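This report concerns only the one structure given below.
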Amino acid sequence: MTNLSHSDSTLFSKELNVLLSIMKMKIGNNDLSTYRDCLSEINWGEFLQLARHHRVYPNLYAKLKQAGETLVPPQVLRELQQDYQHNTFTMLHLSAEMANIAKVFSDSDIRAIMLKGPVLAVDLYGDISLRTSGDLDVLIPIQNVQQTEDLLCRLGYVKDDEYKTILNDWKWRHHHVTYNHFQKGIKLEIHWRLSPGPGKEPTFNELWERKRISPIANHPIYYLGREDLFLFLASHGARHGWSRLRWLADIDQLARQELDESKLQDLLKKHQQLHIGAQAIILAVRILHTPLTPELETLASVKRADRLAEAAYFYIRQKINLHTFPVPPHVSSYHKRHLFALMATRQKILFVLSFLHPYPEDAETLRLPESLHVLYFLLRPFLWAWRKTRKNVVSQGEL
């Protein structure tokens, strides 16, 4: 039985525990007197680093700005204020571009669903300034990928490096491609899946049927329905080890909304992500004291979820950043094992079988005409063995 009342404060540093305590406060409740002893002992430089790493400084500043300078050093409040103001300008800038993209896509008959960004800040926190976002994420039907690329190029966006692909494996090995508008300073991710494959997830048409309209602009901007949003946020957070508390704060806010728990459970079960949803709930309750309905509490008791939640502490307590390369070898190794542990049995089978599908490296090892690329299915084991042998020979030669 999952123990949802378990406290994890002993696992974290003093600075992280103080940060979590402030995150659990309501805006307007600025009584920090109960934390007086803890606040007098913490390293405020480390506290600021944690706030920035976990991308929760806007929410922290909103709760601390009226706390006075007796418990929080003035310099700390000033730095949080600067971060808060910079984020507000960024979110306003992203909001304007998001509205522009939504209109341009609509005029071009491209259905688009905003996945995160300003729409998420307004929906979950009621204010675009209370959540950070570094880019825009847009989900489109896969058949519109090339049309979207042509459109974005005309708008001044530049595509990041092309994926190496063979036999259209990009459609399921990857799930998005990145574009940059260097004049506007905007990064835009175009998604054709919610998550990398192989794995089950709702189709675009299903998500479109359940979409909502954001009040953030005059032109319709569509985003995910609540249950679909929970599935997406839980899967995204799990895939990144919940290494940023911002993602867990999103789950906390979403769980406080009017979720249809029955629909949510059916959705997670259908797409073999019950354990992923349960992991998110367990972490939200233990770390942020998220209140639960009886239905969500039942969902949290799913087998494996407690163990997966425990595994996420590796990322949270160490300020692990999976987006800065190179990732340390011990972190990379742990993350690969954790990603595999997150997979449902069927997904693990598909993942293992995916190694039998040709990789772009096979075409680089032995070049064949595109009309003969299907032969790489037969040649792959031999090409893989050849590359492995050559790598070992080079390695031994360097010794």
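The values are calculated or read from the model by the stated rules, or taken from the named source; none is laboratory data. Keep in mind it's a predicted model, so treat the numbers as computed, not measured. We place every Cβ from the backbone using ideal geometry, glycine too, and count neighbours over all the protein chains shown.
Numbers at a glance
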read-out: Single condition D169 does not satisfy, out of (1) closer than 30 Å to F377 by Cα; (2) modelled with pLDDT of 95 or more; (3) not hydrophobic (A, V, I, L, M, F, W, C); value: (2)
read-out: Single residue of R317, R367, R380 found to be under 26 Å from the mean Cα position of the chain (by Cα) and not aliphatic (A, V, I, L, M); value: R317
read-out: Which numbered condition F340 fails, given (1) without any contact (Cβ under 8 Å) to a residue 12 or more places away in the chain; (2) over 22 Å from G237 (Cα atoms); value: (2)
read-out: Selection count where residues are surrounded by 21 or more Cβ atoms within 10 Å (Cβ to Cβ) and touching a residue at least 40 places away in the same chain (Cβ under 8 Å), scope region 256-274; value: 2
read-out: Pairs with Cβ under 8 Å, 6+ apart, first in region 284-303 and over 18 Å from Q253 (Cβ atoms), second among the acidic types (D, E) and surrounded by fewer than 14 Cβ atoms within 10 Å (Cβ to Cβ); value: none
read-out: Options Y163, Y157, Y125; residue that is under 25 Å from T203 (Cβ atoms) and of a type in the set (S, T, Y); value: Y163
read-out: L94 being of a type in the set (A, V, I, L, M) and either closer than 30 Å to F47 by Cα or not in a helix (DSSP H, G or I) (or both); value: yes
read-out: Options L188, L194; residue that is touching a residue at least 60 places away in the same chain (Cβ under 8 Å), in contact with a strand residue (DSSP E or B) (Cβ under 6 Å, 6 or more places away or on another chain), buried (at least 17 other Cβ atoms within 10 Å of the Cβ) and not in a helix (DSSP H, G or I); value: L188
read-out: Filter result for L229 (in the same structural domain as A280 (by TED's automatic domain parsing) and touching an Asp or Glu at 6+ places or on another chain (Cβ under 7 Å)); value: no
read-out: Of all residues in region 97-111 being in a helix (DSSP H, G or I) and not hydrophobic (A, V, I, L, M, F, W, C), the one that is nearest to W208 (Cα to Cα); value: S106
read-out: Region 61-102: number of residues that are surrounded by 15 or more Cβ atoms within 10 Å (Cβ to Cβ), at pLDDT 95 or above and not acidic (D, E); value: 13
read-out: The one condition in (1) touching a Gly at 6+ places or on another chain (Cβ under 7 Å); (2) surrounded by fewer than 12 Cβ atoms within 10 Å (Cβ to Cβ); (3) closer than 26 Å to L207 by Cβ that D150 fails to fulfil; value: (1)
read-out: Region 103-134, subset among the charged types (D, E, K, R) and surrounded by fewer than 17 Cβ atoms within 10 Å (Cβ to Cβ), residue farthest from G237 (Cα to Cα); value: D107
read-out: Filter result (small (G, A, S) and within 18 Å of the chain's Cα centre (by Cα)) within region 320-352; value: S332, A341
read-out: Residue list for region 112-151, filter: assigned to a helix (DSSP H, G or I), within 22 Å of S195 (Cα to Cα) and free of Cβ contacts under 8 Å to residues at least 60 places away in the same chain; value: A121, Q143, N144, V145, Q146, Q147, T148, E149
